[in-house]
Amino acid sequence: MSNTAAKSVVLVHGGFVDGSGWDGVYQILKKDGYDVTIVQNPTASLADDVAVTKRAIAAAPGKVILVGHSYGGVVVSEAGTDPKVAAVVYIAAFAPDAGESVSSLIANPPPGAPVPPILPPVDGFLMLDKEKFAAAFAADVRPSLASFMADSQVPWGVAALEGKITAPAWKAKPSWYLVATDDKMIPPPAQRQMASRAKATTVEVPGSHAVYVSDPAAVANLIKQAAADVGRK
């Protein structure tokens, strides 16, 4: 790793899961000398998640590569305008523009797109159908781990899905995007469209929505590329 590369990475998880899914990515980055922080967002509201993420950014040494998966992309889009953030990396993530939210981005799915098995809200929180979780979210994750992910779901607040972006980080910071080509949660064409709009350096990787779990090397490589490219500028 070059001396000029950003050495801090902050990883932000998405809805229905916690930060433990980043373990594989974390291990690779730590081995390669990065300081890594994993944000544990409550995913009850966007404002709360942005506040938790900004505290992690503030505590990280030096410039930060801010990484978001899925709904985490919304969080990093809002939190990534922080002056310490050198680049934003989206992993099969929402990359909303000003005024957009997860709710608005998923309102009109393309014809034939898979419908995520989201159950009706209970007390303002959403869960995925446990029986359909693996096929929709983690089809390429080993079955025992996919089952654990289904059974350890974090309820996702409807308020978090409705949280709107004020000023997206990708308009002010260099961004990278990993498209998971077998994603059944966020359709790959939607991922490509958001990546293109953000003018993100984009890579495509065969993988489910949980590509950060199933292929941590590909995810870590993109993060390291972002860190190195920022260091050269």
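For segment 69-97, how many residues are among the small types (Gly, Ala, Ser) and without any contact (Cβ under 8 Å) to a residue 12 or more places away in the chain?
Count: 0.
Anything in segment 182-233 that is of a type in the set (Lys, Arg), modelled with pLDDT of 95 or more and either over 17 Å from PHE137 (Cα atoms) or in contact with a Lys or Arg (Cβ under 9 Å, 6 or more places away or on another chain) (or both)? List them, or say none. Can you show your working first?
Taking segment 182-233 as the starting set, the residues that turn out to be of a type in the set (Lys, Arg) are 184, 192, 197, 199, 224, 232-233.
Now narrow it down to the ones that are modelled with pLDDT of 95 or more: 184, 192, 197, 199, 224.
Once the filter is applied, which keeps residues that are of a type in the set (Lys, Arg), modelled with pLDDT of 95 or more and either over 17 Å from PHE137 (Cα atoms) or in contact with a Lys or Arg (Cβ under 9 Å, 6 or more places away or on another chain) (or both), segment 182-233 yields ARG192, ARG197, LYS199, LYS224.
Could you give me the residue pairs with C-beta distances under 9 Å whose first residue belongs to segment 50-68 and is touching a residue at least 60 places away in the same chain (Cβ under 8 Å) and over 16 Å from GLY14 (Cα atoms), whose second residue is in a strand (DSSP E or B) and open to solvent by 10 Å² or more (accessible area, probe 1.4 Å) wherever it lies, and which are 6+ apart or on separate chains?
Cβ pairs passing all conditions: LYS63/ALA86; ILE65/ALA86.
Out of SER20, SER101, which single residue is buried (at least 16 other Cβ atoms within 10 Å of the Cβ) and either in contact with a helix residue (DSSP H, G or I) (Cβ under 9 Å, 6 or more places away or on another chain) or of a type in the set (Gly, Ala, Ser) (or both)? Please lay out each step first, then the result.
On the way: SER20 fails: buried (at least 16 other Cβ atoms within 10 Å of the Cβ).
Unique residue meeting the criteria: SER101.
To keep it simple, each residue is scored yes or no on (1) under 13 Å from GLY15 (Cα atoms); (2) in a helix (DSSP H, G or I); (3) open to solvent by less than 20 Å² (accessible area, probe 1.4 Å); (4) not small (Gly, Ala, Ser).
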position: LYS132; (1), (2), (3), (4): no, yes, no, yes
position: ALA135; (1), (2), (3), (4): no, yes, no, no
position: ASP140; (1), (2), (3), (4): no, no, no, yes
position: ALA146; (1), (2), (3), (4): no, yes, yes, no
position: ALA150; (1), (2), (3), (4): yes, yes, yes, no
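Go through (1) without any contact (Cβ under 8 Å) to a residue 60 or more places away in the chain; (2) surrounded by 17 or more Cβ atoms within 10 Å (Cβ to Cβ) one by one and return the number of the condition LEU128 breaks.
(1)
Tell me whether segment 41-50 contains one or more residues that are surrounded by fewer than 24 Cβ atoms within 10 Å (Cβ to Cβ), touching a Lys or Arg at 6+ places or on another chain (Cβ under 6 Å) and on the phi < 0 side of the Ramachandran plot.
Scanning segment 41-50, I find no residue that is surrounded by fewer than 24 Cβ atoms within 10 Å (Cβ to Cβ), touching a Lys or Arg at 6+ places or on another chain (Cβ under 6 Å) and on the phi < 0 side of the Ramachandran plot, so the answer is no.
Taking the stated definitions as given, is VAL64 buried (at least 24 other Cβ atoms within 10 Å of the Cβ) and under 15 Å from ALA6 (Cα atoms)?
Details: buried (at least 24 other Cβ atoms within 10 Å of the Cβ): yes; under 15 Å from ALA6 (Cα atoms): yes.
For VAL64, the condition - buried (at least 24 other Cβ atoms within 10 Å of the Cβ) and under 15 Å from ALA6 (Cα atoms) - is met.
The values are calculated or read from the model by the stated rules, or taken from the named source; none is laboratory data. Being a predicted model, the structure only gives us computed values, none of them experimental. Using ideal geometry, Cβ is built from the backbone for each residue, glycine included, and neighbour counts are taken over all protein chains shown. Accessible surface areas use protein heavy atoms only, side chains included; no ligands, DNA or RNA. Shrake-Rupley method; radii C 1.70, N 1.55, O 1.52, S 1.80 Å.
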